[in-house]
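The structure under discussion appears below in the form of structure tokens.
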Amino acid sequence: MTITRFIGRESHFRGKTLYEIASNLKNFGEGRVVTRLAFHNRYPEKSFYRLTKVVPNFTDTDLRKGKAWGEKVFRGDNCGVREINSGSKMDWKLIEREDEEEFCKLTEKDKRSPTIVPKYADYPPLLGEWLQMDYRRTGLPLPKPFKLKLKIEKSFTNKAVQE
Amino acid sequence: MASACVRTCNSLKSLNIVYPLSLRVCNSSVISVRWRKPRWIPKTQSKLFYVRKPTPRDEEENKMLMQKYANYRTQMKAIRSYFTKFVQEEKQARKEYDKSVGIEQELAEVRLSIEVNAQWNQESANIREARELAEAQKSAKIKAIKDQKQKEKDEEQIAELQSRIDNNIKFSEKFITQENMDEEIEKVLDSRKDFNFPINRKGQRLTRGKTKLKEDISSEPDA
């Protein structure tokens, strides 16, 4: 009897690639709901894709290559139809037809609340002191508020609100 | 290297300075054994299937740290963008200043500075020339004295040599030549030389029969 022993660090990925799943389905899984283990591990809210188009590359024997598009629901927000870039990751999971309706139901709990971020921050002490001196030297009035303006990057992954 | 680090640590300790962690772990008891093995030597048998377990993280602490790190990055980004804006504004102001009055004023300043520089150069040139003239005069004087001395020395030498030549010429009159050879031979044959005589310690000749003994000297009556 042969004994199989796995060597090395434990993998984060449990599952199949998106193209592996899609190639077993009718119309390459058009209209089906898939999700990733990474979404589940990272965020408490729901995230999934409803596939619109999948083009697996069958020249690749591992089925890690191809192209895919789908309607993205990320942390409870619908982001519209987007190209899926992480189809090659081996942590995709297919949601069964029976469970789809229940899985895709978004309640108030499943939506993430926006993080509130301040608009301004205090200057670093030395810089602030130096700036004040500079303003005094030039005779210009101090701007109000005399604080550092924070810039927040706004994208579909970052929904911070500045107050 | 390690000893140097330890020395710095000790010196920092004595100053009561809070030094960074990287210096704190540097002591003589910690010796790095990395790169001890060549690359072609395989892993040891006991460590072949060993996989390090990931360091356990406190979830709450991790969340807090991530939040803090995000805040830090936001603030750093803000500071950086502030500085870039500041620099751009400065550049713009500089450009505008150059366009309006800056270049003219600067050129005038440059011209003035060139003038002042030329004046300074002239002053230093005057000083230098005076110094060089004095130095040349001094060196000429020294050279003249030296030449005089050398001349005197040469003349002395020439005179000495001349005297030697004269002596030799005078002596050459006594030389035996082809003409007077027979005469000289005759003269030598005629003359008699007697070298059978005593000398004293100083090499002086004592004439025969005239030597005085001590007793004779003492017995002699006073003149």
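The values are calculated or read from the model by the stated rules, or taken from the named source; none is laboratory data. Being a predicted model, the structure only gives us computed values, none of them experimental. Counting neighbours? That spans all protein chains shown, and the Cβs are built from the backbone with ideal geometry, glycine included.
A few remarks follow.
- The listed residue being assigned to a loop (DSSP other than H, G, I, E, B) and either at pLDDT 95 or above or among the polar types (S, T, N, Q) (or both), out of A:THR2, A:THR35, A:THR52: A:THR2
- Every listed requirement among (1) assigned by TED's automatic domain parsing to the domain that holds A:ARG50; (2) of a type outside the set (Lys, Arg); (3) part of a helix (DSSP H, G or I) is met by A:LEU131 save one, (1).
- Any hit, the stretch B:88-106, residues being surrounded by fewer than 10 Cβ atoms within 10 Å (Cβ to Cβ), out of contact with any His (no Cβ under 6 Å at 6 or more places or on another chain) and under 30 Å from A:TYR123 (Cα atoms): no
- Flag if A:PRO141 is within 16 Å of B:ASN71 (Cα to Cα) and either modelled with pLDDT of 90 or more or within 36 Å of the chain's Cα centre (by Cα) (or both): no
- Looking across the stretch B:46-63 at every residue that is within 14 Å of another protein chain (Cβ to nearest Cβ) and in a helix (DSSP H, G or I), the one that is nearest to A:ARG9 (Cα to Cα) is identified as B:LYS47.
- Verdict on A:GLY139 being on the phi > 0 side of the Ramachandran plot and small (Gly, Ala, Ser): yes
- Scanning the stretch B:124-131 turns up no residue that is assigned to a helix (DSSP H, G or I) and within 14 Å of chain A (Cβ to nearest Cβ).
- Any chance A:PHE103 is closer than 23 Å to A:VAL33 by Cβ, of a type outside the set (Val, Ile, Thr), touching a Cys at 6+ places or on another chain (Cβ under 9 Å) and exposed (fewer than 15 other Cβ atoms within 10 Å of the Cβ): no
- Enumeration of residues in the stretch A:110-149 that are more than 10 Å from chain B (Cβ to nearest Cβ), closer than 27 Å to A:ARG75 by Cβ and surrounded by 10 or more Cβ atoms within 10 Å (Cβ to Cβ): A:ASP110, A:LYS111, A:ARG112, A:SER113, A:PRO114, A:LYS119
- Here A:PRO125 fulfils each of the conditions (1) within 30 Å of B:GLN75 (Cβ to Cβ); (2) under 25 Å from the mean Cα position of the chain (by Cα) apart from (2).
- Among the residues making up the stretch A:150-163, those that are within 12 Å of chain B (Cβ to nearest Cβ), assigned to a loop (DSSP other than H, G, I, E, B) and in contact (Cβ under 8 Å) with a residue 24 or more places away in the chain are A:LEU150, A:ILE152, A:ALA160.
- The C-beta contact set for the stretch A:1-27 (first residue closer than 11 Å to A:LEU63 by Cα, second residue loosely packed, with under 13 Cβ neighbours inside 10 Å and charged (D, E, K, R), distance under 8 angstrom, 6+ apart or interchain) comprises A:THR17/A:ASP62.
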